[in-house]
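Have a look at the structure below, then the notes.
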């Protein structure tokens, strides 16, 4: 789940002027999220955070893999990964960290991450007030200023270990400057629909041995996710009504069916595994508000919803996938499963019952 579009800064402001503009807007609209504040100012979120260096913000420097390997020492935290349409918040501890030079995983039962370090360009320790509370966080950004991951202190976090970690990775130069650069498209040569070899796409899909082979198939066939779902045919994917996500979550809550919820930024895919309980619509947002897991989904951003089937050694793996107007994936849902174990039958039955879209393709 990678970012296929880039939103560079619209205007350039000196750091001091940007910091003052941020403070004024935050006071005027205190309920706006950080990304929305930055968008109103016409800059990236990373630029706003960097402008505050020395005033509640400490610039950090890597290697980021080393910092992540040290995170088990701080104990219980809240991690946040988001894209334009969905926010995924999960509480737990960093354990079972396995990182290579460019990517890796965190495989704790609560904090479950897939990490792509090439998108971790800048890091900051941030201290700020929000709704009467002081929040301490570690925030990481891609080169275009898009937030890729945030880690927040909780009441159970080891504050002394947190301070030691910040001191260890404190950057020698605390500059407020942030030179936002465009991020390269991960699928730079995408074909038009009429140029795609649909039979080869179908054959490649059928030949997959693991759902993780999917991105390699997209690259090989030069298609986006949305194109692939639209063209591959009913054997592997069909559209459902955009109300399907609410239906699915409400039914999973009632039946206590454990699910998996995947939300990605350019640099992290964050996963919740387990049941969901408190499903709360609020305006355009559909929310899961459980003690250790929150999801905030903009239902009005959902343009297409798909039920997708991919081969695995244990049989088909079925997902519900949501896409926005740009064809970007918003979120994926699966039934809870482990490698080597077939997919849950109750998940398949639930997904099969979801209302189909009136127009199945297009």
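Considering 85, 44, 51, 93, the condition of being without any contact (Cβ under 8 Å) to a residue 24 or more places away in the chain and either crowded, with 19+ Cβ neighbours inside 10 Å or touching a strand residue (DSSP E or B) at 6+ places or on another chain (Cβ under 6 Å) (or both) is satisfied by 93 alone.
Would you call residue 351 farther than 22 Å from residue 108 by Cβ and either surrounded by 21 or more Cβ atoms within 10 Å (Cβ to Cβ) or out of contact with any helix residue (DSSP H, G or I) (no Cβ under 8 Å at 6 or more places or on another chain) (or both)? Yes; evaluated as a whole, the condition is true for this residue. Of the listed requirements (1) touching a helix residue (DSSP H, G or I) at 6+ places or on another chain (Cβ under 9 Å); (2) assigned to a strand (DSSP E or B); (3) more than 26 Å from residue 155 (Cα to Cα), residue 101 misses just one: (2).
Looking only at the stretch 191-202, decide whether some residue is farther than 26 Å from residue 84 by Cα, under 27 Å from the mean Cα position of the chain (by Cα), at pLDDT 95 or above and not assigned by TED's automatic domain parsing to the domain that holds residue 59. So far as the stretch 191-202 goes, yes, one or more of its residues are farther than 26 Å from residue 84 by Cα, under 27 Å from the mean Cα position of the chain (by Cα), at pLDDT 95 or above and not assigned by TED's automatic domain parsing to the domain that holds residue 59. Residues that are touching a residue at least 60 places away in the same chain (Cβ under 8 Å), part of a loop (DSSP other than H, G, I, E, B) and loosely packed, with under 14 Cβ neighbours inside 10 Å within the stretch 120-173 comprise 131, 172, 173, listed in sequence order.
Inspect the stretch 27-50 for any residue being in a strand (DSSP E or B) and on the phi < 0 side of the Ramachandran plot and give the result as yes or no. No, because not a single residue in the stretch 27-50 is in a strand (DSSP E or B) and on the phi < 0 side of the Ramachandran plot.
When the residues of the stretch 292-320 are filtered to those that are free of Cβ contacts under 8 Å to residues at least 40 places away in the same chain and surrounded by fewer than 17 Cβ atoms within 10 Å (Cβ to Cβ), the one that is nearest to the chain's Cα centre (by Cα) is 300. Number of residues in the stretch 196-227 that are in a loop (DSSP other than H, G, I, E, B) and under 20 Å from residue 319 (Cβ atoms): the value is 5.
The values are calculated or read from the model by the stated rules, or taken from the named source; none is laboratory data. The shown structure was predicted, so the numbers you read here are calculated from the model rather than taken from an experiment. Counting neighbours? That spans all protein chains shown, and the Cβs are built from the backbone with ideal geometry, glycine included.
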